[in-house]
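Everything below concerns the one structure shown next.
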Amino acid sequence: MKNYLALILFLVSATIISQNTLTLEGKESPTAAINDVSWIAGHWQGEALGGITEEVWTSPLGKSMMGSFKLVVDEAVQFYELCTITEKNESLLLRIKHFDKNLKGWEEKDASIEFPLVKIENNKVYFDGLTFEKISKNELNIYVIFKGEGKEEIEMKFNYKLAK
């Protein structure tokens, strides 16, 4: 009985947890311009992955936005990300490259992880497997799909507040 209840709770929580991200599923990305997501710009800080997370996004310039991410656990940097959102084929594309604490890249030299645009709403932008949600002028959520150890997809929420 305990196992059955645990399974039901897991299935319900997994369903609830994965409601904030979408996939493109072979469709074309919608038309969009970089100014449509300019509200992402800012210096954001939060807690996740056992430490302090920091994300900085620049305002649109040159049909792109540039972002960086840092995870610090016990006063030590764990990894970095360099990110861009660019206009491509009359839509938007989010690209991310990961680096260890010594700036050694995780991906191959000329490779990055790409997230094509799925949909834009008033306070949300859905990329394929990653969503930005503006809660208020001082709060931002980012939802990301990760592959679990058993290759199941797990959605993780990063909550950020505007840094002072």
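The values are calculated or read from the model by the stated rules, or taken from the named source; none is laboratory data. All of these numbers come straight from a predicted model, not from anything done at the bench. FYI the Cβ positions are ideal-geometry reconstructions off the backbone, even for glycines, and counts take in every protein chain you see. In case anyone asks, the SASA skips ligands and DNA or RNA and just uses the protein heavy atoms, side chains included. Shrake-Rupley method; radii C 1.70, N 1.55, O 1.52, S 1.80 Å.
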Matching residues in the range 33-48 - criterion: being of a type in the set (A, V, I, L, M) and free of Cβ contacts under 8 Å to residues at least 60 places away in the same chain: ALA33, ILE34, ALA41
Members of the range 34-80 that are aliphatic (A, V, I, L, M), in contact with a strand residue (DSSP E or B) (Cβ under 6 Å, 6 or more places away or on another chain), open to solvent by 40 Å² or more (accessible area, probe 1.4 Å) and modelled with pLDDT of 95 or more: ILE52, VAL56, MET66
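Anything in the range 106-164 that is of a type in the set (Lys, Arg) and within 21 Å of TRP44 (Cα to Cα)? List them, or say none. Quick ask: steps written out before the conclusion?
Taking the range 106-164 first, the residues of a type in the set (Lys, Arg) are 109, 119, 124, 134, 137, 147, 151, 157, 161, 164.
Across the range 106-164, the qualifying residues are LYS124, LYS134, LYS137, LYS157, LYS161, LYS164.
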So GLU108, is it acidic (Asp, Glu), touching a residue at least 60 places away in the same chain (Cβ under 8 Å) and either closer than 28 Å to THR31 by Cβ or open to solvent by 50 Å² or more (accessible area, probe 1.4 Å) (or both): no
Residue under evaluation TYR80, criteria (1) in contact with a His (Cβ under 6 Å, 6 or more places away or on another chain); (2) within 19 Å of MET65 (Cα to Cα), criterion not met: (1)
Condition check for GLU149: in contact with a Lys or Arg (Cβ under 7 Å, 6 or more places away or on another chain) and not hydrophobic (A, V, I, L, M, F, W, C): no
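Name the residue, out of ILE135, ILE85, ILE96, that is part of a strand (DSSP E or B), β-branched (Val, Ile, Thr) and open to solvent by 40 Å² or more (accessible area, probe 1.4 Å).
On the way: ILE85 fails: open to solvent by 40 Å² or more (accessible area, probe 1.4 Å); ILE96 fails: open to solvent by 40 Å² or more (accessible area, probe 1.4 Å).
When all the criteria are applied, what remains is ILE135.
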